[in-house]
Amino acid sequence: MNRSVGRLRTSHVYSDTLKILQEMATEDGVREQFDRTIDSQGYIPGSCFYMFIGAPEKVIINEPIQEQFRAKISKELS
């Protein structure tokens with residue numbers, strides 16, 4: 001709620017949100033893991049973006065959650 005204030009431009013809200021999340025991942029020491037998640041085929045920008053927007057400070061990315069998300073998506077797609 002604090003970091004994104006005044007930093008999310010209407011025409012660039014997606015890229016601005018990713019930039020804020022990347023900064024946070026760097027500070028938390030998980031930037032490589034964050035980048036792998038964003039670059040992976042399991043990342044669905046449209047749906048994930050709407051979970052991130054508005055309060056990127058509340059996003060937690062870790063391996064168990066990532067695996068649960070992949071399993072859920074795989075199940076829904078089959």
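Nothing in this text is a laboratory measurement; each read-out follows from the coordinates by a stated rule. Since the structure is predicted, the reported quantities are computational estimates derived from the model, not experimental observations. When we count neighbours, we look across all protein chains shown, and the Cβ atoms used for this are built from the backbone with ideal geometry, even at glycine.
Key figures for this structure:
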item: Pairwise label distance in nanometres, Arg7 with Ala71, each label 7 Å out on the Cα-Cβ vector; result: 3.3 nm
item: Mean Cβ neighbour count within 10 Å, used as a protection proxy, ranking 14-24, 28-38 highest first; result: 14-24, 28-38
